[in-house]
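Colleague: The structure that follows is given in the form of structure tokens.
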Amino acid sequence: MGGESRPEAPIRDAPRYYAARTILGLKALHESNIVYRDIKPENMLVDESGRIRLSDLGLACRVHSELKGASGTPGYMAPEMLRKEVYDQRVDYFSFGCMLVEFIIGVAPFRTKEAANWGGKKKKKKKKKKDGKDDAADKAAKKKDACAKMAQAILEMNPDLSADTWSEDNFKTAHAKQFCKALLNTDPAKCLGGGGITEIIEHGYFKE
């Protein structure tokens, strides 16, 4: 029907397409001096035309000279946040890298079983459970421990980008692996985007 919006042409490389759309949204926020702080697939909505809509800006804030503190979703937060350093919009680029890896292989690099158990498992003596409250407390403790280990993994672990998916034509020719590695550098000065979002937009990954 004439009044309906039509979907865009079929997407040959969906991760790259949605990554590009996300970067355009971030660019608009960053130019307004806003850091998003919660990039993850659940917050990237797709409209009827295939365009990305950034949602849930509850953790977004204005950037200022003393901005510190971890804020976001475990497994996506940038190292400088976890180290309690002053940060700016560039923390979004690390999270963006985590999300793009998830787009490509199906799991974020620091939300794997390895990351959730980083540092090894501590054996605990089993205690007899008295009631349902003990179950809830145990689950909460396990979740807190997993989050702490994911944070430690971000600071210490080299993300596993060895999946066969990376060798598929779409990703290999677009240098997707190299692009994600550059985004996931734990040194803010060396992370892709350290000199501004233009570094990301002009990367060869988006050449098409």
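The values are calculated or read from the model by the stated rules, or taken from the named source; none is laboratory data. Because the structure is predicted, anything quoted here is derived from the model rather than measured. Using ideal geometry, Cβ is built from the backbone for each residue, glycine included, and neighbour counts are taken over all protein chains shown. For the accessible areas, the whole protein counts, side chains as well, though only heavy atoms, and no ligand, DNA or RNA atoms are used. Shrake-Rupley method; radii C 1.70, N 1.55, O 1.52, S 1.80 Å.
Colleague: Any residue in region 183-208 that's of a type outside the set (S, T, N, Q): show its pairings with residues that are surrounded by fewer than 13 Cβ atoms within 10 Å (Cβ to Cβ) and outside any loop (DSSP other than H, G, I, E, B) at Cβ separation under 9 Å, as long as the two are six or more apart or on different chains.
Modeller: Final answer for the pair search is 197/31.
Colleague: Here's another thing I want to ask about it. Six or more apart or on different chains, Cβ under 7 Å: which pairs go from a residue in region 30-43 that's more than 14 Å from residue 93 (Cβ to Cβ) to one that's small (Gly, Ala, Ser) and at pLDDT below 95? Could you list them?
Modeller: Final answer for the pair search is 43/55.
Colleague: Given the residues 86, 91, which is the only one that is closer than 23 Å to residue 190 by Cβ and without any contact (Cβ under 8 Å) to a residue 24 or more places away in the chain?
Modeller: Step by step, each of 86, 91 is checked, and only 86 is closer than 23 Å to residue 190 by Cβ and without any contact (Cβ under 8 Å) to a residue 24 or more places away in the chain.
Colleague: For region 145-182, give me the residue count where each residue is under 19 Å from residue 110 (Cβ atoms), in a loop (DSSP other than H, G, I, E, B) and either open to solvent by 20 Å² or more (accessible area, probe 1.4 Å) or at pLDDT below 90 (or both).
Modeller: Qualifying residue count, region 145-182: 5.
Colleague: For a quick check of your reading of the model, give me the residue pairs whose first member lies in region 46-62 and is open to solvent by less than 40 Å² (accessible area, probe 1.4 Å), whose second is basic (Lys, Arg), with beta-carbon atoms closer than 8 Å and at least 6 apart or on different chains.
Modeller: 47/53; 49/6; 52/21; 60/37; 61/37
Colleague: Something else now. Consider region 27-52. How many of its residues are charged (D, E, K, R), under 16 Å from residue 103 (Cα atoms) and more than 15 Å from the chain's Cα centre (by Cα)?
Modeller: Within region 27-52, residues that are charged (D, E, K, R), under 16 Å from residue 103 (Cα atoms) and more than 15 Å from the chain's Cα centre (by Cα) number 1.
Colleague: For region 183-208, name all the residues that are at pLDDT below 95, of a type in the set (A, V, I, L, M, F, W, C), in contact with a helix residue (DSSP H, G or I) (Cβ under 7 Å, 6 or more places away or on another chain) and open to solvent by 30 Å² or more (accessible area, probe 1.4 Å).
Modeller: 206
Colleague: Filter region 61-99 down to the residues that are among the aliphatic types (A, V, I, L, M) and over 15 Å from the mean Cα position of the chain (by Cα) and list them by number.
Modeller: Answer for region 61-99, where residues must be among the aliphatic types (A, V, I, L, M) and over 15 Å from the mean Cα position of the chain (by Cα): 63, 67, 86.
Colleague: Can you tell me which residues in region 29-43 are touching a strand residue (DSSP E or B) at 6+ places or on another chain (Cβ under 9 Å) and either aromatic (Phe, Trp, Tyr) or open to solvent by 20 Å² or more (accessible area, probe 1.4 Å) (or both)?
Modeller: Within region 29-43, 29, 32, 33, 34, 36, 37 meet the criteria.
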